[in-house]
Amino acid sequence: MTIPTARDITVSERIVILPLGSWEQHGPHLPLHTDTVIVDAVVDAALRDTTLSATSFLRAPTLPITASDEHEGFAGGLSSGTEALVASVVAIARSASWARGVCIVNGHGGNIPALAHISSALEYENIPAHIWSLPSYSGGDMHAGHTETSLLLHIAPELVRHDLIEVGATQISAEDIDLMKVSGVKAVSPNGVLGDPRQAHPDHGREVLALYTSSLVRALQTCITRWSIPASQ
């Protein structure tokens, strides 16, 4: 999508898409901005879908640093923390008073607690908003494993360090989840991988990207229906 000027925007015409990425460790073999690469690819693919009118949307810049406190202890990571992320996204949505609504497209699991607070705040302020996160699927893993590595092998294979791929923690229990909430990912997986990326393949990445894209397209179609353009326009 080309970036319009203010003159190109008619009040209540566009729906803002606000993607959320992250900047955090993704094991030894994937880059720090993996979540951003993935969510950008999903948004771009959705906006190319012929069932949507791309001119109905304004794609905001992806927020590249979000709530990643659970990756404390690994070098390179940056985190806004949950509280700051909530304040930032709510303020951004509030500033989009000229828009039909805001669709927040989340590409990072660590943002889920913040999104609950964001949803509550936007509902309280009567700001039209929809929150979508990457859907789970049978056989998917949590972090830097088969799922994300396959996606990167399809989207941006040059970013994958094949020589550094190694298995991480593959049997994640409810107790492990609770431990990660308190002590971070490193307490469960010293190499930062939650899953097994060794058999990752670009074909699987293509399938997962298609799954994510179709889910987001449905969400955007819902937004169009829910926030109809005023009849006067």
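Would you check if there is a residue in segment 58-79 being assigned to a helix (DSSP H, G or I), farther than 21 Å from Q221 by Cβ, open to solvent by 40 Å² or more (accessible area, probe 1.4 Å) and in contact with a Leu (Cβ under 9 Å, 6 or more places away or on another chain)? Within segment 58-79, none of the residues are assigned to a helix (DSSP H, G or I), farther than 21 Å from Q221 by Cβ, open to solvent by 40 Å² or more (accessible area, probe 1.4 Å) and in contact with a Leu (Cβ under 9 Å, 6 or more places away or on another chain). I'd like to check something: does segment 102-114 contain any residue that is under 13 Å from the mean Cα position of the chain (by Cα), at negative phi, hydrophobic (A, V, I, L, M, F, W, C) and surrounded by fewer than 20 Cβ atoms within 10 Å (Cβ to Cβ)? The answer is yes, given that some residue of segment 102-114 is under 13 Å from the mean Cα position of the chain (by Cα), at negative phi, hydrophobic (A, V, I, L, M, F, W, C) and surrounded by fewer than 20 Cβ atoms within 10 Å (Cβ to Cβ).
What number of residues within segment 2-26 are exposed (fewer than 14 other Cβ atoms within 10 Å of the Cβ) and on the phi > 0 side of the Ramachandran plot? Qualifying residue count, segment 2-26: 0. Is it the case, given these coordinates, that F57 is under 19 Å from the mean Cα position of the chain (by Cα) and aromatic (F, W, Y)? Considered against the rule, which asks whether it is under 19 Å from the mean Cα position of the chain (by Cα) and aromatic (F, W, Y), F57 comes out as yes.
Please find, within segment 41-50, the residue that is farthest from G77 (Cα to Cα) out of those that are in contact with a Leu (Cβ under 9 Å, 6 or more places away or on another chain) and surrounded by fewer than 22 Cβ atoms within 10 Å (Cβ to Cβ).
At the first step, the residues of segment 41-50 found to be in contact with a Leu (Cβ under 9 Å, 6 or more places away or on another chain) are 41-43, 45-47, 49.
Then keep just the ones that are surrounded by fewer than 22 Cβ atoms within 10 Å (Cβ to Cβ); that gives 41, 45, 47, 49.
Values: A41: 22, A45: 27, L47: 30, D49: 33 Å.
Filtering first and then ranking leaves D49.
Any residue in segment 92-106 that is within 17 Å of V185 (Cβ to Cβ) and touching a Ser or Thr at 6+ places or on another chain (Cβ under 9 Å)?
First, pick out the residues of segment 92-106 that are within 17 Å of V185 (Cβ to Cβ): none.
No, segment 92-106 contains no residue that is within 17 Å of V185 (Cβ to Cβ) and touching a Ser or Thr at 6+ places or on another chain (Cβ under 9 Å).
Report, by residue number, each residue of segment 27-40 that is closer than 15 Å to P157 by Cβ, out of contact with any Pro (no Cβ under 9 Å at 6 or more places or on another chain) and either open to solvent by 20 Å² or more (accessible area, probe 1.4 Å) or not in a helix (DSSP H, G or I) (or both). Scanning segment 27-40 gives a single hit, P31.
Which of the residues spanning segment 191-209 are open to solvent by 60 Å² or more (accessible area, probe 1.4 Å) and out of contact with any His (no Cβ under 7 Å at 6 or more places or on another chain)? Show your work before the answer.
Start the filter on segment 191-209 by keeping residues that are open to solvent by 60 Å² or more (accessible area, probe 1.4 Å), which leaves 198-199, 201, 203, 206-207.
Across segment 191-209, the qualifying residues are R198, H201, D203, E207.
Condition check ((1) in contact with a Ser or Thr (Cβ under 8 Å, 6 or more places away or on another chain); (2) surrounded by 13 or more Cβ atoms within 10 Å (Cβ to Cβ); (3) modelled with pLDDT of 95 or more) across all residues:
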residue	(1), (2), (3)
S133	no, yes, yes
G139	no, no, no
H146	no, yes, yes
L152	yes, yes, yes
A156	no, yes, yes
H162	no, no, yes
I165	yes, yes, yes
Q171	no, no, no
A174	no, no, no
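Residues that are surrounded by 14 or more Cβ atoms within 10 Å (Cβ to Cβ) and assigned to a loop (DSSP other than H, G, I, E, B) within segment 216-228 comprise just one, W227. Contact map, segment 152-170: residues that are assigned to a helix (DSSP H, G or I) paired with residues that are surrounded by 13 or more Cβ atoms within 10 Å (Cβ to Cβ) and polar (S, T, N, Q), Cβ distance under 9 Å, separation 6+ or inter-chain. Pairs shown: L152/T34; L159/T34. Any chance segment 177-185 includes a residue that's modelled with pLDDT under 95 and crowded, with 19+ Cβ neighbours inside 10 Å? Yes, segment 177-185 has at least one match. Screening A91 on (1) modelled with pLDDT of 95 or more; (2) part of a loop (DSSP other than H, G, I, E, B) shows it passes everything except condition (2).
The values are calculated or read from the model by the stated rules, or taken from the named source; none is laboratory data. Just so it is clear, the model here is predicted, and its values are computed rather than measured. In this analysis, Cβ positions are derived from the backbone assuming ideal geometry, glycine residues included, and neighbour counts consider all displayed protein chains. Only protein heavy atoms, including side chains, enter the accessible area calculation; ligands, DNA and RNA are left aside. Shrake-Rupley method; radii C 1.70, N 1.55, O 1.52, S 1.80 Å.
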